[in-house]
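A quick write-up on the structure given underneath.
The values are calculated or read from the model by the stated rules, or taken from the named source; none is laboratory data. All values derive from a computational prediction rather than experimental measurement. As a convention, Cβ positions derive from the backbone with ideal geometry for all residues, glycine included, and neighbour counts pool all protein chains shown.
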Amino acid sequence: MHALERLILAGYGLGAGALSVIALILPQPLALETVGHYLLPGALLMSQLHAGARLGLALVALIAAQMPRPARPLVVAVALGLLASVVGPVFSFLTHAIPWPELRGVRTGLILDGMIAAVLLATTIARSRLRAADPA
């Protein structure tokens with residue numbers, strides 16, 4: 001269980017951390033590649049703020065991945081951060097604040113974040129149940 005968590009946390013930390021650094025340094029080319037157009041100044045600022053927060057979450061994931069037994073609060077923090085990053089855009093789409101073409105470029109990332117969060121939450125629940133079942 002711990003090895004699976006460490007693998008997922010490390011993979012997320014490396015991938016999200018690298019993309020966050022790219023988003024901080026080259027936000028316009030990344031926006032053109034993902035959403036198909038350049039960002040207005042306000043959206044550019046928000047994307048860089050998001051990239052900074054995502055880099056922080058990636059660093060938490062990397063710190064947790066280095067532990068032989070990742071601390072449950074760190075695993076849950078990463079999972080909740082990922083869930084929040086999925087729920088926001090999905091809610092905006094459902095309330096028609098963001099049109100489908102805007103989400104198409106980041107759809108794969110949202111699906112991956114949701115899947116990673118689900119696996120991390122599942123391993124956390126499994127760890128709790130295994131610990132509760134252990135008589136020692």
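Just one of Gly36, Gly56 is touching a helix residue (DSSP H, G or I) at 6+ places or on another chain (Cβ under 9 Å) and not in a helix (DSSP H, G or I); which is it?
Result of the check over Gly36, Gly56: Gly36.
Give the residue that is farthest from Gly11 (Cα to Cα), with candidates limited to residues of the range 99-136 that are small (Gly, Ala, Ser) and surrounded by 15 or more Cβ atoms within 10 Å (Cβ to Cβ).
Gly105
Of these, Val75, Val21, which one is out of contact with any Gly (no Cβ under 8 Å at 6 or more places or on another chain), assigned to a helix (DSSP H, G or I) and farther than 29 Å from Ala126 by Cβ?
Testing whether each residue is out of contact with any Gly (no Cβ under 8 Å at 6 or more places or on another chain), assigned to a helix (DSSP H, G or I) and farther than 29 Å from Ala126 by Cβ leaves just Val21.
Which count do you get for residues in the range 27-45 that are within 25 Å of Met115 (Cβ to Cβ) and surrounded by 12 or more Cβ atoms within 10 Å (Cβ to Cβ)?
Total meeting the criteria: 4.
Which condition number in (1) part of a helix (DSSP H, G or I); (2) under 15 Å from Gly11 (Cβ atoms) is the one that Pro70 fails?
(1)
Which residue is farthest from Leu112 (Cα to Cα), if the candidates are limited to the range 78-98 and must be of a type in the set (Ser, Thr, Tyr) and surrounded by 13 or more Cβ atoms within 10 Å (Cβ to Cβ)?
Ser92
Can you tell me which residue among Met115, Met46 is at pLDDT below 95 and either in a helix (DSSP H, G or I) or of a type in the set (A, V, I, L, M) (or both)?
From the options Met115, Met46, the qualifying one is Met46.
Select from the range 16-26 the residues that are surrounded by fewer than 19 Cβ atoms within 10 Å (Cβ to Cβ) and in contact with a helix residue (DSSP H, G or I) (Cβ under 8 Å, 6 or more places away or on another chain) and list them in ascending order.
If the condition is that a residue be surrounded by fewer than 19 Cβ atoms within 10 Å (Cβ to Cβ) and in contact with a helix residue (DSSP H, G or I) (Cβ under 8 Å, 6 or more places away or on another chain), then Gly17, Leu19, Val21, Ile22, Leu24 are the ones that fit.
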